[in-house]
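The values are calculated or read from the model by the stated rules, or taken from the named source; none is laboratory data. Here the structure is a predicted model, which means the values were calculated and not measured. Backbone-built Cβ (ideal geometry, glycine too); neighbour counts: all protein chains shown.
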Amino acid sequence: MLDDIKKDARERMGKCVQNYQAEMKKLRTGRAHPSLIEHLKVEYYGSEVPLQQVASIAVEDGRTLVISPWEKGAVQAIEKAIFKSDLGLTPMTAGTVIRIPMPPLTEERRREIVKMLKAEAENARVAVRAVRRDVMNDVKELLKEKQLSQDDERRAEAEIQKLTDKHVADIEQLLAAKEKEIMQV
């Protein structure tokens with residue numbers, strides 16, 4: 001019973017860290033990377049679909065993304081989706097191929113991105129702590145129902161706290177690495 005609770009906590013906290021990593025990929029760092037735009041929604045045949053489902057996205061060089069739509073009719077819809085996004089990117093179309101040059105980041109924009117990163121990191125830490133709170137409540141319920149001794153409860157709480165600390169440290173490590181990458185000129 002207690003092992004199941006710990007396993008659940010480990011999985012849920014791991015998902016919090018994974019979600020933070022996914023959010024970090026969406027931030028523009030000055031380098032071209034497909035994950036920057038693949039989540040954009042494109043109006044395609046009357047429904048909104050992710051860009052990666054209507055086109056292939058590749059990196060041409062360090063600062064240019066190339067989008068090759070599966071159908072010629074999707075070119076304008078993709079351009080429209082890129083313009084609507086708040087990424088500040090300008091697509092250049094040549095026939096059916098769309099190129100997106102990555103403009104260099106200004107110092108001010110870098111600081112802005114780091115602020116957003118820190119806010120996302122705090123959200124991830126809060127999510128990990130929420131998982132800890134839920135799991136601690138489950139442990140306390142087991143104690144109330146007399147399915148757990150007080151010693152086992154203390155041990156479980158200590159292990160859950162270690163797990164929480166480990167995942168928060170993982171988030172901090174990811175934040176530090178990404179911040180260093182962004183502030184690098």
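Taking region 85-110, which residues are part of a helix (DSSP H, G or I), surrounded by 12 or more Cβ atoms within 10 Å (Cβ to Cβ) and either over 22 Å from the mean Cα position of the chain (by Cα) or touching a residue at least 40 places away in the same chain (Cβ under 8 Å) (or both)?
Listed by number, the list holds a single entry, 110.
For region 64-102, what are the residues that are aromatic (Phe, Trp, Tyr) and at positive phi?
none
Of all residues in region 111-136, which are surrounded by 18 or more Cβ atoms within 10 Å (Cβ to Cβ) and over 14 Å from residue 174 (Cα atoms)?
Selection gives 113, 127, 128, 131, 132, 135, 136.
Being modelled with pLDDT of 85 or more and of a type in the set (Lys, Arg) is the filter here; which residues of region 73-110 pass it?
Listed by number, the residues that qualify are 80, 99.
Given the conditions (1) in contact with a helix residue (DSSP H, G or I) (Cβ under 7 Å, 6 or more places away or on another chain); (2) part of a helix (DSSP H, G or I), which single one is not true for residue 22?
Failed condition: (1).
Matching residues to (1) under 20 Å from residue 2 (Cβ atoms); (2) among the small types (Gly, Ala, Ser); (3) at pLDDT below 95; (4) part of a helix (DSSP H, G or I):
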position	(1), (2), (3), (4)
136	yes, no, yes, yes
141	yes, no, yes, yes
146	yes, no, yes, no
157	yes, no, yes, yes
164	yes, no, yes, yes
175	no, no, yes, yes
182	no, no, yes, yes
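Name, by its number, the condition in (1) in contact with a strand residue (DSSP E or B) (Cβ under 9 Å, 6 or more places away or on another chain); (2) in the same structural domain as residue 171 (by TED's automatic domain parsing) that does not hold for residue 111.
(1) is the only condition that residue 111 fails.
Closer than 30 Å to residue 8 by Cβ, surrounded by 17 or more Cβ atoms within 10 Å (Cβ to Cβ) and either assigned by TED's automatic domain parsing to the domain that holds residue 172 or among the charged types (D, E, K, R) (or both) - does that describe any residue in region 59-79?
Checked region 59-79: no residue is closer than 30 Å to residue 8 by Cβ, surrounded by 17 or more Cβ atoms within 10 Å (Cβ to Cβ) and either assigned by TED's automatic domain parsing to the domain that holds residue 172 or among the charged types (D, E, K, R) (or both).
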